[in-house]
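The values are calculated or read from the model by the stated rules, or taken from the named source; none is laboratory data. Computed from a prediction, not measured in an experiment: that's the story for all the values here. Neighbour counts are summed over all protein chains in view; Cβ atoms, including those assigned to glycine, are modelled from backbone coordinates with ideal geometry. Ligands, DNA and RNA are excluded from the accessible area calculation, which covers all protein heavy atoms including side chains. Shrake-Rupley method; radii C 1.70, N 1.55, O 1.52, S 1.80 Å.
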Amino acid sequence: MRRNLRLIHLLIKYKFSRMMAFRVSFFGAFLSDGALFLIQLLTFEAVYSQVDSIGGWSRGHMILFVGTFSMINALNMLIYFFGIVDLPGKIRRGDLDQYLTKPMNPLLRLTFENVNPGSFPLVILSVLILCYGLSVAGIRVSLGLILGYASLVLLMTLLWYDLELILRTIPFLVISADGIMRLEEQMLQFSFKVPGVLYKGIMRLLFYFILPYGIMSTVPTQFITRSLEAGSLWAAVATVLFFTWFALWFWRFGLRKYQSASS
Amino acid sequence: MKKYLEVFRWSFKMQLIWRLDVVMTLAAILGEIIAAGVLWNAAFSGRELVSGFTFHGMLSYYLTGSLLVSLDMSPRISREVSRLIREGSFSKHMVTPMNPFGFFCTKAAGQSASRLGFSFLAAAIAAGLLKINITLSWDLSRLVLGISTALLGLLFMAGYHYVIGILAFRFVEMEFFLYLQEAILSFATGALVPLSLLRGPLADFLRFLPFPHVVFTPAMLLTDQMSVAEGCLSLAVLLVWLAAILLAGQWLYHSLRTRYEGVGV
Amino acid sequence: MNHILYTKGLTKEYKRFQKEAGLKGSFRALFHRTYETKAALSDFDLKVEEGEFLGLIGPNGAGKTTLVKMLTGIIAPTSGEISVLGFYPNKLENAFKKQYAVVMGQKSQLIYEMTAADTFLLFKEMYDIPTEVYRRNLELFADLFDSREYLNAQVRTLSLGERMKMELITSLLHNPRVLFLDEPTIGLDAPAQRQIREFLKEVNTRNGTTILLTSHYMEDIRNLCPRSVVLKEGRKAYDGGTEELFASFQTHKKITVCYEEESPFILPQGCEILEQNGHKAVFLCPKERSGSILAQLMREIRLLDVSVEEEDISVVVEKIYRSHREVRA
């Protein structure tokens with residue numbers, strides 16, 4: 001454990017040095033993703049300029065929903081996204097060889113070798129959106145509410161990681177990875193536009209339990225707006241635990257199928 | 001001309017190799033329309049009209065819009081051109097007797113064509129699933145105007161993305177800018193939400209940009225929700241921008257390529 | 001005898017997607033796909049003892065890299081037995097990984113944007129190398145390569161040869177018992193190749209490191225590996241002494257003679273002319289007759305200069321690769 005922490009520390013330190021050396025696109029992720037969330041906010045503003053409520057959610061709820069999504073995404077970009085985003089490429093090119101032949105957990109190395117400090121402003125932007133949402137929704141916050149909300153956001157960040165990893169492990173088994181990445185993009189865009197509370201029937205089953213993108217931003221938003229039921233909370237926690245177990249199992253399964261493209 | 005036809009055929013075939021990509025094209029359109037269906041179903045609850053749209057009119061707009069978005073392969077142009085320039089393998093397009101824009105544009109057209117059937121299939125499935133009464137226009141002038149605007153819009157986007165790609169001669173690191181402009185374009189073209197929902201100066205400003213005429217205008221014309229006069233004005237704006245972007249593409253290519261270092265030819 | 005590296009009946013098969021040419025074929029493949037199974041390595045037996053320096057040769061696609069990838073655990077075999085240092089490689093246990101190193105000429109393990117010294121430090125942590133051992137090894141290898149000046153330069157600024165030296169140092173810092181080298185001299189100029197060969201020889205004799213080398217450069221194999229294995233189409237075609245291998249295919253000598261212009265040169269029987277002009281001839285003659293042919297030439301024409309060389313190594317390699325016969329030591 002201590003050795004792993006030392007290694008993670010070293011990987012993060014190196015990443016910082018590399019970014020300082022090049023300064024290339026240091027704030028690139030902030031600009032592109034920041035724009036994405038502001039645009040989404042603008043989209044909802046356009047809809048709410050015509051209606052007062054969508055599925056019982058007011059404008060304030062929706063801003064909190066966008067802010068929460070933005071926050072989970074910011075943590076994703078900050079910590080592990082750039083480490084595992086190119087996993088399909090590494091599988092296709094045979095670049096995983098260098099990870100597999102070293103006495104360090106390859107997944108741990110992939111996850112932490114590309115932390116992106118340039119995404120930190122996204123966290124600030126998300127906090128600003130959340131504050132704006134809280135004031136529009138007229139919610140008074142307490143320490144307990146903030147801590148509970150923060151824990152759920154971290155849990156959902158882990159869920160996002162699990163889903164990213166599962167989809168990026170599929171290329172161990174198939175040739176073209178483009179489609180899989182597009183599936184993820186679709187799922188994210190979908191759950192980004194439609195809060196989980198609007199799903200009914202089979203869609204609820206799909207987006208809450210099978211591809212649980214639907215709960216990622218919805219559950220913390222429901223928590224902070226004090227509309228989350230205890231049953232839903234525990235179901236969400238169980239879903240995250242299951243997907244974490246499955247992602248790790250699937251990764252090990254995929255590794256056994258690794259063919260390593262010829263050099 | 002024959003060589004461009006060959007590029008078209010080759011790129012058409014290439015698209016068919018990856019089965020999963022075909023499935024994903026279907027999924028993209030279905031996802032887009034279902035998302036709109038769920039959101040607007042909730043927004044329309046207890047209302048007949050929202051900003052002049054009926055529920056079915058609104059979903060018809062998204063159906064047509066997502067069909068157009070799925071046929072727009074131009075974002076691949078900027079990604080490929082900038083990647084080739086960055087990696088140093090753009091040189092192969094500089095030494096072949098073929099205009100680079102012609103090559104990339106034809107390639108994108110081939111990709112769009114191979115998707116056409118699947119896109120229509122997906123739209124039909126989505127319409128069936130959500131039981132959408134499509135408010136398609138049967139007025140010939142609107143149809144002709146809508147289809148022409150859509151085709152010219154696709155050509156404009158190819159030109160626009162070519163210009164963005166060519167800029168990699170000048171700015172090496174383009175990746176994040178590509179994401180940034182994609183996010184903005186998804187809104188400005190009307191793919192996220194019909195632009196007629198917007199009010200005030202932003203709406204007026206957007207009208208004179210080319211992007212709304214790539215998705216919003218043709219989708220509104222084809223679903224019988226825009227007048228012919230307004231459509232003609234939009235087409236005129238688009239034509240001016242189209243001429244400008246095609247000229248800019250040629251000019252930029254010739255003036256920036258001299259900076260090319262050609263690493264790793 | 002306990003072998004550090006052992007395989008029996010080792011086989012690796014791949015599935016390949018097949019598509020007919022043309023648009024019709026593309027459409028058909030969209031709905032119905034056919035695959036063919038190709039064996040990258042078939043029924044391969046190998047035993048290597050500790051401290052050996054083994055060469056692995058064969059044309060492209062012969063299965064050399066596949067073998068190295070299975071021995072290092074990167075890919076799993078389809079069938080057969082495999083054991084390296086007593087481990088089943090594809091289990092990828094850390095205890096196993098700490099005892100070997102692999103250097104692939106076309107895949108770098110160095111952190112491109114940082115200095116080689118930074119990569120060394122990362123490897124020190126990864127391999128739990130005690131500080132004392134780390135310092136000693138770094139000094140030793142930097143001296144052997146005479147490369148202290150490169151340690152603190154950004155990797156991306158190093159030449160290909162300098163970078164390969166850093167790759168080798170990186171992989172040797174933890175004193176591996178087995179070193180796998182896949183084309184380590186690829187693309188390097190002659191002096192860099194020579195330096196790397198000397199370094200590897202030193203590592204093998206001084207540390208007793210078992211080395212398995214694949215290379216297309218026969219100079220590498222001939223200089224370094226007393227034993228060679230030839231792979232052809234995924235099967236073992238030869239396993240034995242490197243010199244014996246070359247001797248059995250190096251059947252001719254190349255003779256160059258320069259003579260006075262008026263002397264008539266007549267090609268001796270059984271020889272093959274390679275080059276000829278008014279005062280010079282280059283030809284191949286059977287090795288066992290080279291002495292008598294030279295004596296004959298000296299009698300018949302007025303020679304100004306003579307040189308007798310081994311047949312070109314590239315020609316010999318071609319013969320080995322093309323040969324249909326199985327050569328067993």
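The table below lists the values:
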| read-out | value |
| --- | --- |
| Selected residue (only one of A:Gly83, A:Gly89, A:Gly60, A:Gly34 is within 11 Å of another protein chain (Cβ to nearest Cβ) and either closer than 30 Å to A:Leu198 by Cβ or assigned to a helix (DSSP H, G or I) (or both)) | A:Gly34 |
| Residue match in region A:206-224 (condition: part of a loop (DSSP other than H, G, I, E, B) and more than 14 Å from every other protein chain (Cβ to nearest Cβ)) | yes |
| Boolean, C:Met126 is closer than 29 Å to C:Asn94 by Cα, of a type in the set (A, V, I, L, M, F, W, C), open to solvent by 10 Å² or more (accessible area, probe 1.4 Å) and in contact with a Leu (Cβ under 9 Å, 6 or more places away or on another chain) | no |
| Which listed residue is closer than 25 Å to A:Val47 by Cβ and open to solvent by 20 Å² or more (accessible area, probe 1.4 Å), from A:Thr225, A:Thr218 | A:Thr225 |
| Selected residue (criterion: farthest from the chain's Cα centre (by Cα)) from residues of region C:280-309 that are open to solvent by 40 Å² or more (accessible area, probe 1.4 Å) and within 10 Å of C:Pro268 (Cβ to Cβ) | C:Glu300 |
| Residue check, A:Leu78 in a helix (DSSP H, G or I), open to solvent by 10 Å² or more (accessible area, probe 1.4 Å) and more than 8 Å from every other protein chain (Cβ to nearest Cβ) | yes |
| Those helices (runs of 4 or more DSSP H) lying entirely in region B:149-262 with at least 1 residues more than 14 Å from chain A (Cβ to nearest Cβ) and crowded, with 21+ Cβ neighbours inside 10 Å | B:216-222, B:228-256 |
| Residue list for region C:47-64, filter: farther than 20 Å from C:Thr242 by Cβ and either crowded, with 24+ Cβ neighbours inside 10 Å or of a type in the set (Gly, Ala, Ser) (or both) | C:Gly61 |
| Unmet requirement for A:Gly231, which otherwise passes all of (1) out of contact with any helix residue (DSSP H, G or I) (no Cβ under 9 Å at 6 or more places or on another chain); (2) within 14 Å of chain C (Cβ to nearest Cβ); (3) not charged (D, E, K, R) | (2) |
| Total residues in region C:287-319, condition in a strand (DSSP E or B) and either closer than 22 Å to C:Tyr238 by Cβ or in contact with a helix residue (DSSP H, G or I) (Cβ under 8 Å, 6 or more places away or on another chain) (or both) | 4 |
| Filtered residue count, region A:129-145, keeping only those that are surrounded by fewer than 12 Cβ atoms within 10 Å (Cβ to Cβ) and in a helix (DSSP H, G or I) | 3 |
| Residue satisfying all of: in region A:94-128; of a type in the set (A, V, I, L, M, F, W, C), open to solvent by 10 Å² or more (accessible area, probe 1.4 Å) and away from chain C (no Cβ under 14 Å); nearest to A:Lys13 (Cα to Cα) among these | A:Val115 |
| Members of region A:28-46 found to be at pLDDT 80 or above and open to solvent by less than 50 Å² (accessible area, probe 1.4 Å), listed by number | A:Ser32, A:Asp33, A:Gly34, A:Ala35, A:Phe37, A:Ile39, A:Gln40, A:Leu41, A:Thr43, A:Phe44, A:Ala46 |
| Selected residue [within 12 Å of chain B (Cβ to nearest Cβ) and either open to solvent by less than 20 Å² (accessible area, probe 1.4 Å) or modelled with pLDDT of 75 or more (or both)] from A:Ser49, A:Ser25 | A:Ser49 |
| Residue within region B:6-15 that is buried (at least 17 other Cβ atoms within 10 Å of the Cβ), under 30 Å from A:Pro171 (Cβ atoms), among the small types (Gly, Ala, Ser) and within 14 Å of chain A (Cβ to nearest Cβ) present | no |
| Close pairs from region C:139-164: first closer than 18 Å to C:Val103 by Cα, partner among the β-branched types (Val, Ile, Thr), Cβ under 6 Å, at least 6 apart | C:Phe141/C:Ile169 |
| Test for C:Thr251: is it open to solvent by less than 50 Å² (accessible area, probe 1.4 Å) and among the polar types (S, T, N, Q) | no |
| From A:Leu198, A:Leu183, residue being under 18 Å from A:Met62 (Cα atoms), of a type in the set (A, V, I, L, M), crowded, with 19+ Cβ neighbours inside 10 Å and within 14 Å of chain B (Cβ to nearest Cβ) | A:Leu198 |
| Near pairs, Cβ below 7 angstrom, 6+ apart or cross-chain, from region C:108-119 (within 12 Å of A:Leu11 (Cβ to Cβ) and touching a residue at least 24 places away in the same chain (Cβ under 8 Å)) to any residue that is open to solvent by 20 Å² or more (accessible area, probe 1.4 Å) and small (Gly, Ala, Ser) | C:Met114/A:Ser17 |
| C:Phe44 more than 9 Å from chain A (Cβ to nearest Cβ), open to solvent by less than 20 Å² (accessible area, probe 1.4 Å) and within 19 Å of C:Ile211 (Cα to Cα) | yes |
| Subset of region C:197-217 [closer than 11 Å to C:Ile57 by Cα and open to solvent by 10 Å² or more (accessible area, probe 1.4 Å)] | C:His216, C:Tyr217 |
| Condition met for A:Lys102 (among the basic types (Lys, Arg), outside any helix (DSSP H, G or I) and over 24 Å from A:Met71 (Cβ atoms)) | yes |
